[in-house]
Amino acid sequence: MNPILFAIPVFLALVALEAWLAWRRGLKVYRLHDALTSINIGAMSEAIRALLKLLSIAIYAIVVERVGAFSWDTKSPWVWVLAFFMYDFFYYWAHRSGHEVNLLWASHVVHHSCEDFNLSTALRQSSTNQVFYWLFYLPMAIVGIPVTVFVIIALISLVYQFWTHTQLVGKLGWADRVFATPSNHRCHHGRNAYCLDRNYGGTLIIWDRLFGTYVAERDDEPVVYGTLVPLQSWNPLWGNLKNYAGIWRQVRSTQGWANKLMRVFAPPGWGSADAAAPGLQPDAAFTRFDTPALKWQQVYGLLASAVILGLLIHLLLAAPSLSVPQRAGYAALLVLHAVGMAWVFEGKRWALVFEVARATLVFGALASGLWFGPVLPSAQLAALAVWAASLLVLVLARSERSRLGPQLGAPARLSA
Amino acid sequence: MNLQAGFDGLLALAALWVALGPARQRPALRLACLLLGSAAVLGTLRFSGLLPLPQLHQFVSMLGAGVGLPLIAFAVIRPDGLVATQPRYTWIVAVVLAVLCVLIGVVAGVKLWAQVWAVGAAVCTAAVAMRRRDLHALGAAVCMVLAFAAFVAQLRAGPLQPGDFLHIGMALAMLLLGRWSLVRSQRPIPALQQAQGEAAPS
């Protein structure tokens with residue numbers, strides 16, 4: 001069974017726990033729109049992973065089988081220790097390349113587009129990273145580290161990295177000099193000048209110390225989270241595609257194949273024009289993207305996110321028995337769902353019509369049993385109930401927005 | 001030490017000599033020679049029985065053919081071009097070619113992929129060298145084409161196996177490329193000078 005299925009409830013429970021702790025301490029660490037966007041971007045990423053059938057692991061397994069130079073005894077603890085260090089080392093380089101190669105940054109930027117920093121940020125993962133990042137772990141496959149060892153070590157690293165996305169844990173003394181800790185990772189997510197392109201380590205921070213990319217969190221300069229060119233949207237699809245669209249535009253407008261190549265493979269911002277990119281603000285003047293958080297809009301966000309997670313869990317459970325077109329259709333449905341929710345958050349004019357049509361199509365299909373595989377009668381009833389609730393909440397959200405209309409204005413940016 | 005290991009060792013010495021000596025200023029040629037040299041070292045270890053890693057040897061050999069030979073073609077056909085003279089462009093081309101090799105040659109199992117690139121690169125190099133009457137490059141390219149032809153035709157002569165012809169031909173090609181690089185190094189490389197100019201403090 002897909003281990004992500006076990007991780008989803010645990011991660012969400014920890015997000016809720018962190019939000020509660022922050023609230024108790026009077027810290028404004030969470031904004032509902034931002035947190036739900038992060039969770040839905042994560043759900044989208046997992047849905048697409050189900051579509052691509054764990055591409056990177058499949059490639060790894062094939063390379064181990066056809067090229068693997070040595071055979072390793074998985075019962076030996078030394079194999080696991082070696083694999084852990086190798087994985088963390090290559091993770092460092094994969095992550096560093098994710099920041100220093102424009103094409104890879106276009107994928108990884110999704111994770112950094114969050115302008116808050118909390119455990120939900122850890123779930124905000126790119127839908128396209130599995131297309132690229134297998135490449136960095138090929139040396140492990142070439143020396144023959146077994147795929148089970150690779151997958152388990154990768155999962156341990158993934159779970160470890162979850163807790164580093166928090167502001168509730170301060171500096172940890174000697175641990176900050178050896179491990180990737182919340183303090184180190186806060187710097188990594190900062191847009192402050194001293195934080196840029198620093199602290200890439202996944203589990204160990206020693207690689208950063210070794211290769212000169214380590215920086216300690218400063219007490220005199222609070223970290224401002226986000227990217228130099230902000231996303232300014234709650235839309236998960238745009239979040240995943242924005243930088244690719246930017247690269248495409250840059251490549252088209254650049255003269256000469258060598259310069260075009262550099263637009264794709266050089267560090268982000270390569271070339272002259274980017275230095276003056278619109279939206280580039282100094283840290284002191286930085287304001288976070290925000291939209292009015294209305295009561296019914298938030299209720300709709302929670303309801304829609306719960307549905308997305310429910311559908312994702314079903315997709316992950318059903319994926320082995322679905323064909324590729326079915327998985328693609330299911331993933332597309334989830335993406336549309338998340339996009340519709342983002343449009344409601346952003347108060348788009350067409351959001352109500354789109355969401356009513358989408359909810360009618362999705363829940364209508366589910367309630368009538370026309371779904372990806374057999375549908376239980378209880379699920380059909382639940383679909384009808386959620387359909388009715390969605391329509392009601394959408395209408396309430398719309399009327400609330402109309403009532404407050406003149407006071408709302410356009411999406412704004414908040415002081416950091 | 002058998003003949004196969006000996007000829008692989010010869011190729012390793014020739015390739016590493018070019019990589020560490022004459023091709024020092026030519027990143028494309030240098031990387032190609034390092035790849036071919038690494039494959040030859042693994043071949044020497046394999047056939048001598050010291051450290052037989054046949055799968056790794058085949059993999060690195062595939063990279064040598066599918067990445068190294070096209071890089072040699074870049075180095076010879078456009079010796080003053082960016083790919084031949086600037087490491088970042090060399091690496092971009094090498095990584096893209098290597099990814100294609102892994103995806104098509106290893107994952108999809110199309111083993112002909114790297115060989116087609118290698119033969120194509122050698123033939124293009126020969127054609128351009130002939131047009132320019134560049135004798136060292138032409139000699140190197142002809143050696144490579146003949147070596148591939150002998151290998152594909154499974155040519156055997158006395159104790160020599162098809163792989164031996166490939167290694168002898170490639171070793172000769174490396175030596176000629178080393179000579180070609182030495183001769184060319186007496187001429188300035190415009191792109192390299194430009195890059196050095198950009199790097200210099202103003």
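The values are calculated or read from the model by the stated rules, or taken from the named source; none is laboratory data. Nothing here was measured: the structure is a model prediction, and the numbers come from that model. Glycine gets a Cβ as well: all are built from the backbone with ideal geometry, and neighbour counts include every protein chain shown.
Points to keep in mind about this one:
- Condition check for A:W105: of a type in the set (F, W, Y), closer than 19 Å to A:G226 by Cβ and assigned to a helix (DSSP H, G or I): yes
- Test: residue in segment A:208-227 that is closer than 18 Å to A:R124 by Cα, of a type in the set (V, I, T) and outside any loop (DSSP other than H, G, I, E, B): no
- Tally, over segment A:229-270, of residues that are farther than 19 Å from A:V110 by Cβ and part of a helix (DSSP H, G or I): 11
- Selection of segment A:131-178 for residues being buried (at least 20 other Cβ atoms within 10 Å of the Cβ), within 18 Å of the chain's Cα centre (by Cα) and part of a helix (DSSP H, G or I) yields A:F132, A:Y133, A:W134.
- Test: A:G310 is modelled with pLDDT under 95, under 24 Å from the mean Cα position of the chain (by Cα) and in a helix (DSSP H, G or I): yes
- Condition check for A:L394: modelled with pLDDT of 90 or more and over 27 Å from A:F289 (Cβ atoms): no
- Of the residues screened, B:V183 is not one that is part of a helix (DSSP H, G or I) and in contact with a Gly (Cβ under 9 Å, 6 or more places away or on another chain).
- Verdict on A:S305 being surrounded by fewer than 17 Cβ atoms within 10 Å (Cβ to Cβ) and either more than 14 Å from chain B (Cβ to nearest Cβ) or at pLDDT below 95 (or both): no
- Boolean, B:V83 is buried (at least 24 other Cβ atoms within 10 Å of the Cβ) and within 11 Å of chain A (Cβ to nearest Cβ): yes
- If you go through segment B:89-122 and keep only what is surrounded by 15 or more Cβ atoms within 10 Å (Cβ to Cβ), more than 12 Å from B:M62 (Cα to Cα) and away from chain A (no Cβ under 12 Å), you end up with B:V119, B:A121, B:A122.
- Number of residues in segment A:36-95 that are of a type in the set (A, V, I, L, M, F, W, C), within 14 Å of chain B (Cβ to nearest Cβ) and part of a helix (DSSP H, G or I): the value is 11.
- Entry remark, segment B:94-110: residues being in contact (Cβ under 8 Å) with a residue 12 or more places away in the chain and more than 18 Å from B:A19 (Cα to Cα) number 6 in total.
- Residue satisfying condition, being without any contact (Cβ under 8 Å) to a residue 60 or more places away in the chain, among the basic types (K, R) and more than 14 Å from chain A (Cβ to nearest Cβ), within set B:R78, B:R133: B:R133
- Inside segment A:186-228, residues that are on the phi > 0 side of the Ramachandran plot and touching a residue at least 24 places away in the same chain (Cβ under 8 Å) make up a count of 2.
- Here A:I156 passes the criteria (1) farther than 23 Å from B:C101 by Cβ; (2) within 14 Å of chain B (Cβ to nearest Cβ) except the one numbered (2).
- Within segment A:66-87, being surrounded by fewer than 21 Cβ atoms within 10 Å (Cβ to Cβ) and under 24 Å from the mean Cα position of the chain (by Cα) holds for one residue alone: A:F84.
- Odd one out for B:S61, checked against (1) small (G, A, S); (2) modelled with pLDDT under 95; (3) closer than 27 Å to B:L160 by Cα: (2)
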